[in-house]
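Following: one structure in structure tokens, then a few remarks.
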Amino acid sequence: MTGLGTRAAPYLLLFFAAFLVTGCGDKERKIPKYTFHPAPPFDLSLSYSNYKWQSNLKYLYQPLPKPLDDPKIVINKKKHILYLFSGETLMRIYPVNLGPDPLNDKIQEGDGRTPEGQFFVCTKNPKSKYYKALGISYPSKEDALRGLKMGFITKKEYDAIVYAIDHGKRPPWFTKLGGAVCIHGGGIGWDWTRGCIALRNADVQELFEVTPVGTPVTIISGVSRPRKRVVPVPSLLTKVNDERKRRSLD
């Protein structure tokens, strides 16, 4: 028995290792014990200004067509809302929760932030620990370039991320940039994830049915960050004119 147990030990370790890295669902915090039923208040005119809301609202409470034509996902982190579009038409508004640092852009593993930018659905997990999950293609090429410049990843890891994104595949999730960022269920109530986007189970079920792999996902902060003040540098001609004026006064 001892010899059998010794031989089986490596396989057991591999099994548990695979179980631990199955994605975002196994790395989250405790599932909320309650959910808010009504969606939080929001101002459609300010939520995502690239769309004309008034002409689209009639579709919000109609059954979703399956398959959904040209699905797109937009997430506003400040408003804690996920918008589902069919082309340019708004179809659904779902309340969401994020991580403990919900408004800043994700930079590295363990920072508790949700990434910002342009992504796509790269995986679908119907048996997630948190009901169901749509994996998004973080890190993007922009995230990878920033990580390379900051020394978080190697050139080899950068190239692997770029190759995956260019070919519509899941990028490497286990670098120092972090990964396994998903849109999943589990309920809402507070910002309880580690950077994923959590929905009510009924909402993620609906979303899961109509968003195939490849669906574009845009994540915006929703925060108006102050721009850095640009101090104009005097040109050489300006300096010459100022010097002439000074001499004429002398």
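Values in this text are rule-based calculations from the coordinates and carry no lab data. Quick caveat: nothing in here was measured; it's all calculated off a predicted structure. We place every Cβ from the backbone using ideal geometry, glycine too, and count neighbours over all the protein chains shown.
What the table shows:
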| read-out | value |
| --- | --- |
| Contour excess over end-to-end distance, with Cα ends at LEU64 and LYS127 and 0.36 nm allotted per residue | 20.4 nm |
| Contour minus Cα-Cα distance for GLU142 and PHE174 (0.36 nm per residue) | 9.8 nm |
| Pairs from LYS66/LYS129; LYS78/LYS141; LYS106/LYS149; LYS106/LYS127 whose Cα-Cα separation, in the structure shown, is over 21 Å | LYS66/LYS129; LYS78/LYS141; LYS106/LYS127 |
| Residue-span extension gain [LYS155 to ASN201] - 0.36 nm each, minus C-alpha spacing | 12.6 nm |
| Cα gyration tensor shape of segment 108-205, rounded if a/c is under 1.5, else prolate or oblate by comparing a/b with b/c | prolate |
| Cβ-defined net charge surrounding ILE183, 11 Å radius [Lys, Arg +1; Asp, Glu -1] | +1 |
| Projected label distance in nm at GLU88 and LEU103, using a 7 Å step from Cα toward the beta-carbon | 3.2 nm |
